[in-house]
Each structure stands twice: as C-alpha cells, then as structure tokens.
Amino acid sequence: MKIKLIVTMALCLIIVLPIVGCVIHIIDQRDRIRDNSGAAIYVKKAKRRPWIKVYLILSKFFFTQGYIDKISRRYEILCPGDFGKIAEKTMNTVLLSWFCCSLEIFIIFIIKPNLHNSILAIILIFVINNEIINYRVSNLEIKLLEEMANFISDVRHNYHINRMVDDAILLSMEDISYEMKLHAQKLYEITLSNNLKEDVSRYNAAANNKYLKTFLALCISVIEFNDKKINGQQLFTINLQHLKREIHIEILKRRKLKHVFSGTVFVTMAVCVPIDAIQSFGLSIVPELDRFYFGQVGMLYVGVILLSAVIVYLMINNMKEIKRFIPKNYWYLERIESLRFIKNALDNYFEKYYSKTLRLKETLKRVGETITPRQLLLKRMLAATITFFIGIGLIFYIHINNRQNILNKVTNIRVITTITAAKQLELAEDIILQTVRELKKEKVTQDFILQKLMKEKQIHNSHFAEELSLEITNRIKHYQEEYFHWNELLFCIFVSGIAYYIPFWLILYQKRLLHMNMEDEINQFHSIIYMMMYIDHMTVKNLMEQLELFAVVFKPAIQECINDYNSGETEALLNLKEKEPYGPFRRLVDNLIRCDRISIDKAFDDIASDRENYHDRRKQENEISINKRMDIVKPLSFIPAVLVTIYLLLPLLYASLKELEGFRESMSTLGF
C-alpha cells in the first residue's frame, strides 16, 4: 500500500508541480514580466494575451523550462520573429498534451493503482506527449509547405509584370497565411538590403527551411547577375517551377509517411493497456493463476512486454520522422563530464581507444547527433547503472509481493483439497493462513504440521489434514525462499549490460536509416544542381553551399569540404570523394571536379537531358523508400502484440493441462 501511495504521489507531482510553479511566479512577478529578449511586458498587456503570461512563467520555472523551450524552438522555425504566435501555439500544444496525459493517468492508474499500471501510465505520458507535439508541428509544417508552393507560384506569375524580384515578392504577400507572411516579409527585407551578402549569410545561419534558402539564393542571383533566357524561357521562372515541384514532392512524401505510420504507434502501445484486464480475466477462470501473474515470472514477463513496446516505439519514431534541425541539449551529461574524477577517467579511456573514438565521432556527425563520444559513453554508463538499480528494486518488490501473497491469499484452495463444502473451504483458508503466519520463520516438516493440526483438534478428517499440512509446508518453504538470490544479481548485471549497449545500437540504427535515404538525397542534389547550373557567375563552391542546405546523410562531408576549400578546390573535392564511397555521390563529385575545365552546365549535361522523367522517377523512388520502411516497421509493431497474446493464452493453456492431468490421475485412482 505504501508503494502504491508513493507512485500515486509521484504521478500527481508531474501535473501539480508546474501549476505550483505558475502560482509562485505569478506572485513574484506581479509588477511586470520580461520576455526572452529582455523587453518589458506589463501585466495589463499580459492579461489581454494570457497565454504569453503563462508561457513566460513556465519557460522560467525549473521543472518545465527545458520542456517549454524544446517545443517553442520547433515553432520558432515555423513562425520566425513572432513571439506572441510562438507562445500561443506552444501553450496550446502544452495544455492539450497535459490534459490528455492527466486523463490517461486517471483512466489507467488512479482507477486501479498498482505497479504495472503506474509504469504503463508513465510510458504513455511520454508517448502521448511526443505524439501530440509531433502531430501538431508536422501538420503546421505541411501547411507551411503548401503555402510556400502557392507563394512561389504567385511570385513566378508576378515576376512577369516588371521583372523585379522584390516587387514580385511584395505582390505575392497579399493572399497568404500569417505564418508564410512572416517568412515572406523577411525575404522581402533582404532583397531590399544594401548589404546583400551579410544579410543572406545571417538569414542562412538563422533559418532552417531549405526551400526558402534556395528560393532566396535564386532571387539574389537575379538581383546580382540579372536574369537570362534558357530555351526561350526566363531562367528564374523555370527554376521557381522546379523548386515548386520539389516542394510538392516533399509534401507528398510527408503525407504518405504520416498515413502509412498512423496506425503503427497505436498497434504498438494499445496492446499494453489491457494487461490488467487479462490478469482479471485469467483469475476469474483459473484463480490458481494468481501465483503466475503476481509471481516473479509473470511480473518479469510484463516488464519485458513494456520494455519491448518502448524500444519498438523509439525505432518506429526514428523510422518515420523527417530529420530535425534542432540540436539536443545534453546539459546533464555536460555537468557529469565536468566532474574531475570522471573527466580523468574519460581522458584515460579515450586515449587508449583513440582510433575507435574518431570513428564514433564521424558516425555521430553523420547521423546529426550533437552528443560527443565522451557524453555518449557517459549516457551508456548511466543507462546501465539506472537499469541495474531498477532491476534490483523490481526483484525486491517481487519478493515482498510474493511474501504478502503467501501470507494473505489462498487462491488454489479447490485444487489442494477434495472438500467442496463452503464452510469447510473457508475454515481451511483460515487454518492455512494462520499457521503460515505463525510458523513462517521456523524450519518445519509436513509431519510436524500434521501433528499440530490434529493436536489442536480443528480438523477431524485425517485425509483433509494431510492435504492442508502439505500446502502449509510448501507455503512456508516458499516464503523462506523469497529472498535476493545470486542468480538474480547475475540477471540484473546481464540486463544492465544490454542497457549499456542500447544507446550505441540506436546510433547504429539511425546510421542504417540514413543509408536508406542516400539515393533520395542524390536525386535532390541533382534537382538543386539543375536549378543552379545555368546561373551566371555560379561557382563550384556556391553550388556546394546550396547542396549543403539540403544534405542530411552527406552534410558532414560537404561541410568539411567547404571548410577545406581555401587549401585548394581540387584537393578538397578529391578528399570528399575518398571519404564517401557511395557510387552516385562519387560520380556527382567527379562532375564537380570537371567544372575546373568546363562550365557547370556542360559538366552536368546528363542531368538536363534526363529532366523530363526526373519528377516521376522521384515519386516512384519515394514510394519504394516508404514501402521499404513499412516492411521493417510492420513486423516490429506486432512484437508487443505477440508477447501480450502469449501472456493471455499460455498461462490458461498451462492451467488447463494441469487440470486435465489432475482429472486423469483421479480417474486412474478410481480404476477407469
């Protein structure tokens, strides 16, 4: 009961602490509230826009600061510069998530509090929160891409009026959504700037939308070098049309991913919810299953089900997510790493395995992880340590729970005796529990228990007394054997060893997923090159910078090539070719090297010749890529369902076989 109370309080604190923090900050900041830029926002204004007030409070409260910051940074990409809109959308998402999580806690845990439901409630809090945030942000991203395609189409048409890029952008801002207007306003201001290069560099460093960056690059090329005709059409309008098609391909891909993955998370997590109902159903049919469901094997099996569901969910999430550009903050690892004795231990370890560390560092860069090899090692050690102590705590809990069941429950009374009278069965339960509680720490034998029962004259039937004495003796032995064994320690060490490797395995899993995107990324590179290859004064370095905006898999290598460009163009490209063994990418780099002798449009003439079938091929390749992902995801999503099915059927099947065996023995004793 104490454990249930503690877990209930812990879950309630998840919801209560932010509210308490809000109240404290409201009292402390009655006079005025400051936003992130330091500008004063007075209470009267905050009252007119209450979400800003709540947002500022939660963003400064210790328990919610990182959580609010993580969500708001995703909205900052979509609503740049509008603090009020960011605060509004962040708080709408936060309140919706907290409401759903509170409802889930009430339905799953508070109605029937136990260890299994408490763990399940915590897992579902993580899943529900993550899914709500991803759902709302992804919807807004798709909406912004659609508005972007319409905006680019309007710019393309308005450009024909007077062939002025800034006027075309201004005219296109009339009938677009508020979010898109924020982006368009920034682009318009840059086109009017007197310091184009500085403002473009500043925009590219701050913005994360690769399509808007490419659009800006096309606009600046026209402003600086004027437009020209290719095959009787204006180059700028042709490039805008290709950029619009690229955006439509991205929209189609995101919608397809959203559709095919829509049911996988539900299938993975929903099967974990009825575990408690399965226990009740099994006990209603066969009460003797109490020993299995609440024993060591049953509780560990439930733990395996929940752990498998979490791992499968993380794998599916990595499979379906579009690459994010928001770096993760590992502040807790940084603090641990700064401790002197840990720092010295890490220094010694990485000096010993220096070459291995370099390979790991390269892998982390490739998958886009901001964590360092030292922090990854700390994360693995923390995972192993936490898992080890959780395992020990769980085993102690199981032993305590088993002892309580032995002392307080007799679910197999109809199995251990042939007596059927209700009063005698009730008397038998009282005798078993009373005797076990009295002799639980003594060394006893069945004969001793039998003599005790007959001596106290509570039972007059000798056969009935033998049955009860056998059950009492077994219960006392089981009670005395419920302690922490050495093999359980080995089990905890084994599980913690697996937990130690899980963060590293997830990195390798992400690396494999990125390899699946290589071909799609090369096709995207070809599209960018086709838009840029006819622009006057376009250099290989400028082209590489544009490719770097769209790169994910090849981003670290391209960045390093751009940094090494001052040491020699050809040498930097040759090093890039050596580092990336993927064939199509190496052929692309070969064409870039040829640009030293011939023009860019001639070096990539094969791209232009194959342009007619390009977009259809891209759509088909995206379809194949998504189908490959689903071929991996579908079997994974059914792993928890299979485990739950085994949990439902196997105990009932085993109990049925035991009943059948007992019936056969009773029939054989009667001579049948």
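The values are calculated or read from the model by the stated rules, or taken from the named source; none is laboratory data. The shown structure was predicted, so the numbers you read here are calculated from the model rather than taken from an experiment. Glycine also receives a Cβ, built like all others from the backbone with ideal geometry; neighbour counts cover every protein chain displayed.
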Open item on the list: Please verify whether A217 is more than 21 Å from E548 (Cβ to Cβ) and buried (at least 20 other Cβ atoms within 10 Å of the Cβ), treating the condition exactly as stated.
Closed with: no
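Are there helices (runs of 4 or more DSSP H) fully within the range 424-529 with at least 2 residues that are aromatic (F, W, Y) and surrounded by 15 or more Cβ atoms within 10 Å (Cβ to Cβ)? List them.
Working: elements: 446-455, 462-481, 486-516.
In the range 424-529, 462-481, 486-516 are the helices (runs of 4 or more DSSP H) which contain 2 or more residues that are aromatic (F, W, Y) and surrounded by 15 or more Cβ atoms within 10 Å (Cβ to Cβ).
When the range 187-199 is examined, which residues are found to be surrounded by 18 or more Cβ atoms within 10 Å (Cβ to Cβ) and either in contact with a Pro (Cβ under 9 Å, 6 or more places away or on another chain) or not hydroxyl-bearing (S, T, Y) (or both)? Walk me through it before giving the result.
Residues of the range 187-199 surrounded by 18 or more Cβ atoms within 10 Å (Cβ to Cβ): 187-188, 190-191, 199.
Hits for the range 187-199 are L187, I190, D199.
Matching residues to (1) surrounded by fewer than 15 Cβ atoms within 10 Å (Cβ to Cβ); (2) among the hydroxyl-bearing types (S, T, Y); (3) in contact (Cβ under 8 Å) with a residue 40 or more places away in the chain:
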site	(1), (2), (3)
E548	no, no, no
N566	yes, no, no
E569	no, no, no
N575	no, no, no
E578	yes, no, no
Y582	no, yes, yes
V589	no, no, no
Open item on the list: Restricting to the range 92-124, name every residue that is more than 21 Å from M299 (Cβ to Cβ), out of contact with any Leu (no Cβ under 8 Å at 6 or more places or on another chain), of a type in the set (A, V, I, L, M) and buried (at least 17 other Cβ atoms within 10 Å of the Cβ).
Closed with: none
Open item on the list: Take the conditions of a type outside the set (G, A, S), assigned to a helix (DSSP H, G or I), surrounded by 15 or more Cβ atoms within 10 Å (Cβ to Cβ) and touching a helix residue (DSSP H, G or I) at 6+ places or on another chain (Cβ under 9 Å) and apply them to I176. Does it pass?
Closed with: no
Open item on the list: Step by step: first the residues of the range 266-316, then only those that are modelled with pLDDT under 85 and not in a helix (DSSP H, G or I), then the one that is farthest from A121 (Cα to Cα). Which residue is that?
Closed with: V286
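Quick one: would you say G282 is touching a residue at least 40 places away in the same chain (Cβ under 8 Å), touching a Pro at 6+ places or on another chain (Cβ under 7 Å) and over 21 Å from A499 (Cα atoms)?
Working: touching a residue at least 40 places away in the same chain (Cβ under 8 Å): yes; touching a Pro at 6+ places or on another chain (Cβ under 7 Å): yes; over 21 Å from A499 (Cα atoms): yes.
Against the criterion (touching a residue at least 40 places away in the same chain (Cβ under 8 Å), touching a Pro at 6+ places or on another chain (Cβ under 7 Å) and over 21 Å from A499 (Cα atoms)), G282 qualifies.
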- [ ] Would you tally the residues in the range 359-378 being assigned to a loop (DSSP other than H, G, I, E, B) and farther than 17 Å from L514 by Cα?
- [x] 2
- [ ] Name every residue in the range 146-165 that is within 17 Å of N239 (Cα to Cα) and either free of Cβ contacts under 8 Å to residues at least 40 places away in the same chain or within 33 Å of the chain's Cα centre (by Cα) (or both), in order of residue number.
- [x] M148, A149, N150, F151, D154, H157, N158, M164
Task: Enumeration of residues in the range 342-378 that are touching a residue at least 12 places away in the same chain (Cβ under 8 Å) and polar (S, T, N, Q) - done: T357, T363, T370, Q375
Open item on the list: So I14 passes all but one of these: (1) modelled with pLDDT under 50; (2) part of a helix (DSSP H, G or I); (3) aliphatic (A, V, I, L, M); (4) surrounded by 19 or more Cβ atoms within 10 Å (Cβ to Cβ). Which condition number does it fail?
Closed with: (4)
- [ ] Would you mind telling me which numbered condition in (1) at pLDDT 80 or above; (2) over 26 Å from L252 (Cβ atoms) D605 fails?
- [x] (1)
Task: Residues located in the range 217-262, provided they are without any contact (Cβ under 8 Å) to a residue 24 or more places away in the chain and closer than 30 Å to V642 by Cα - done: H259, S262
Open item on the list: Would you confirm, using the coordinates I've provided, whether R380 is charged (D, E, K, R), closer than 27 Å to R74 by Cβ and under 25 Å from the mean Cα position of the chain (by Cα)?
Closed with: no
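Test F388 against the stated conditions and say whether it is within 20 Å of R291 (Cα to Cα), at pLDDT 80 or above, within 47 Å of the chain's Cα centre (by Cα) and of a type outside the set (S, T, Y). Please lay out each step first, then the result.
Details: within 20 Å of R291 (Cα to Cα): no; at pLDDT 80 or above: yes; within 47 Å of the chain's Cα centre (by Cα): yes; of a type outside the set (S, T, Y): yes.
It is false that F388 is within 20 Å of R291 (Cα to Cα), at pLDDT 80 or above, within 47 Å of the chain's Cα centre (by Cα) and of a type outside the set (S, T, Y).
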Task: Sole exception among (1) buried (at least 17 other Cβ atoms within 10 Å of the Cβ); (2) without any contact (Cβ under 8 Å) to a residue 24 or more places away in the chain; (3) within 25 Å of E521 (Cα to Cα) for A205, by number - done: (1)
Task: Extreme residue, surrounded by the most Cβ atoms within 10 Å (Cβ to Cβ), among residues of the range 536-546 that are assigned to a loop (DSSP other than H, G, I, E, B) and out of contact with any Cys (no Cβ under 9 Å at 6 or more places or on another chain) - done: M538
Task: Enumeration of residues in the range 178-197 that are over 39 Å from the mean Cα position of the chain (by Cα) and small (G, A, S) - done: S193
